[in-house]
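Note sheet for the following structure.
The values are calculated or read from the model by the stated rules, or taken from the named source; none is laboratory data. These numbers come from a predicted model, not from an experiment. Virtual Cβ from ideal backbone geometry, glycine too; neighbours counted across all protein chains shown. Please note that ligands, DNA and RNA were not included when accessible areas were found on the heavy atoms of the full protein model with its side chains. Shrake-Rupley method; radii C 1.70, N 1.55, O 1.52, S 1.80 Å.
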Amino acid sequence: VQLQASGGGLVQTGDSLRLSCAASGGPFGSYALGWFRQAPGKEREFAAAINWSGSFKSYANSVKGRFTISRDDAKKTVYSQMNSLKPEDAAVYYCAADTYGVDPTGDDRDYDYWGQGTQVTVSS
């Protein structure tokens, strides 16, 4: 399974971005999918996740109410709609796939496949 993240860029505080992560190979529809992020000098942290059916989503408290994760299995793509962006949201964003798709876990150790990351920069 290969994951390709895109959609990052430079925005201003309060702006929106939509990240995409396209998958190739594997039974995409059975995977839970997640977005994680890593800012310079910090550990990678969980942002959002969605289970295999899209019926359950989980979010980090820091993004709840501003970020929305969704999936389109026909396109083998997971999205992260990010609104009201803040400077503290600046990071490299990674998508990941968990072959145990039932629970949208926030633990990066549960994920089996990772994309290469896309940079999000938020200016104040």
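Quick notes on this one:
- Selection from 83, 99, 69 lying farthest towards where the dipole of the range 64-115 points positive, charges on Cβ: 83
- Think of each Lys and Arg Cβ as +1 and each Asp and Glu Cβ as -1; about the Cα centre, that makes the dipole of the chain roughly 300 debye.
- DSSP-defined antiparallel bridges as percent of all bridges, the chain, nearest 5: 90
- Cut-off under 5 Å, modelled amide H: who pairs with residue 71 long-range: 79
- Ellipsoid fit via the Cα gyration tensor, the range 12-124: semi-axes of 23, 14, 13 Å, each the root of five times an eigenvalue, largest first.
- Whole-number percent relative contact order across the chain, with pairs defined as alpha carbons under 8 Å at least 6 apart: 37
- Using the Cβ of residue 80 as centre and a radius below 12 Å, the other residues enclosed give a net charge of +4, where K and R count +1 and D and E count -1.
- Of all the options 29, 65, 54, the one that moves most in a Gaussian network model of the chain with Cα springs shorter than 10 angstrom is 65.
- Probe 1.4 Å, accessible area per residue of the range 83-124, Å²: 48
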